[in-house]
Amino acid sequence: MAYQGFAQEYLGMPAVTRAYTTACVLTTAAVIWRLITNFLFFGPLGFSFFFNMIFLYRYCRMLEEGSFRGRTADFVFMFLFGGFLMTLFGLFASLFFLGQAFTIMLVYVWSRRNPYIRMNFFGLLNFQAPFLPWVLMGFSLLLGNSIIIDMLGIAVGHIYYFLEDVFPNQPGGKKLLLTPSFLKMVFDTPEEDPNYNPLPEDRPEQQPRDQDHNEQQHPQ
């Protein structure tokens, strides 16, 4: 029963969230590191790993099913943009495992797009959603972890949020982050042409009437 519930929940994830979460689990279990897979490694199995997996699953899914619903290509482009900046900044700071920073970036973008949601952290703190990344950074500090990774995720998340949501709405601003057309071709379902007029035989609502008409002409 527990396995069936887990399988149902897993298969119910949206595509990008399921793929990214699966890749993170497999990479951590195999302890693999590459230039790309450094975003998939969260350290050895333990409390920190499961803590990050919970937040990754939750906020990646809420973004994909929320502000990125129907915009899978834009969501993938955010992954690519954030990953590029983290890799660039990580080289200067000698940071090689950026999975936690990537999770914080997702949390940051979600929190800024949902500013009025009230949050509760382990039943101890109540605060508005935009404070969540900072609460997580403070929690990392309490656990004795370095907060540089968290700060990197917050910084990259803010850059994306500013360029995507803030700057285009400023006087004289414009949209700078444009999703490449090939990503839209691969990930997004083509929009239906509102001027398309299907043939009568292609209209679903006509088929039952035609069937009833044929039955009247050819009674059993």
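The values are calculated or read from the model by the stated rules, or taken from the named source; none is laboratory data. On a predicted model such as this, the values are computed, not experimentally measured, just so you know. Here Cβ is always computed from backbone atoms with ideal geometry, including for glycine, and neighbour counts include all displayed protein chains. Ligands, DNA and RNA are excluded from the accessible area calculation, which covers all protein heavy atoms including side chains. Shrake-Rupley method; radii C 1.70, N 1.55, O 1.52, S 1.80 Å.
Rounded, prolate or oblate: which fits the stretch 1-160, taking a ≥ b ≥ c as square roots of the Cα gyration tensor eigenvalues, rounded meaning a/c under 1.5, else prolate when a/b beats b/c? List each step's numbers first, then the result.
Working: a/c = 1.18, a/b = 1.05, b/c = 1.12.
Here the stretch 1-160 falls in the rounded category.
If you count, for each residue, the other Cβ atoms within 10 Å and average over each peptide, how do 168-180, 41-53, 125-137 line up from highest to lowest? If you can, show how the numbers build up before the last one.
Working: 168-180: 10.2, 41-53: 15.2, 125-137: 16.9.
Result, highest mean first: 125-137, 41-53, 168-180.
If r is the Cβ-Cβ distance from residue 174 to residue 142 and R0 is 35 Å, what FRET efficiency results, to the nearest 0.05? Before the final figure, lay out the partial values.
Values: r = 42 Å, r/R0 = 1.19.
Efficiency for this residue pair is about 0.25.
Please compute the net charge surrounding residue 167, taking Lys and Arg as +1 and Asp and Glu as -1 over other residues with Cβ under 9 Å from its Cβ.
Details: positive: 174, 175; negative: 164, 165.
Taking every Cβ under 9 Å from that of residue 167, the sum is 0.
Work out, step by step, the length gained on full extension between residue 167 and residue 128: first 0.36 nm times the residue separation, then minus their alpha carbon distance; give nm to one decimal. Intermediate results must be reported in sequence, preceding the final value.
Numbers: separation 39, 0.36 × 39 = 14.04 nm, distance 2.30 nm.
Here the answer is 11.7 nm.
By its C-alpha gyration tensor, with a ≥ b ≥ c as the square roots of the eigenvalues, how is the stretch 73-138 shaped: rounded for a/c under 1.5, else prolate for a/b larger than b/c, else oblate? Write out the running numbers ahead of the final one.
Values: a/c = 3.29, a/b = 1.62, b/c = 2.03.
Here the stretch 73-138 falls in the oblate category.
Just reorder 113, 58 by solvent-accessible area, largest first, 1.4 Å probe, all chains present.
Final ranking, largest accessible area leading: 58, 113.
Which part of the stretch 161-179 falls in the paramagnetic zone of residue 88, meaning amide N under 15 Å from the point 7 Å along Cα-to-beta-carbon?
161-164, 176-178
Please work out how much accessible surface residue 118 shows to a 1.4 Å probe, ignoring ligands, DNA and RNA, in Å² rounded to 10.
Here the residue's solvent-accessible area equals roughly 150 Å².
In terms of solvent-accessible area of protein heavy atoms at a 1.4 angstrom probe, what is the ranking of 139, 187, 68, highest value first?
Details: 139 40, 187 90, 68 5 Å².
The ranking, largest first, comes out as 187, 139, 68.
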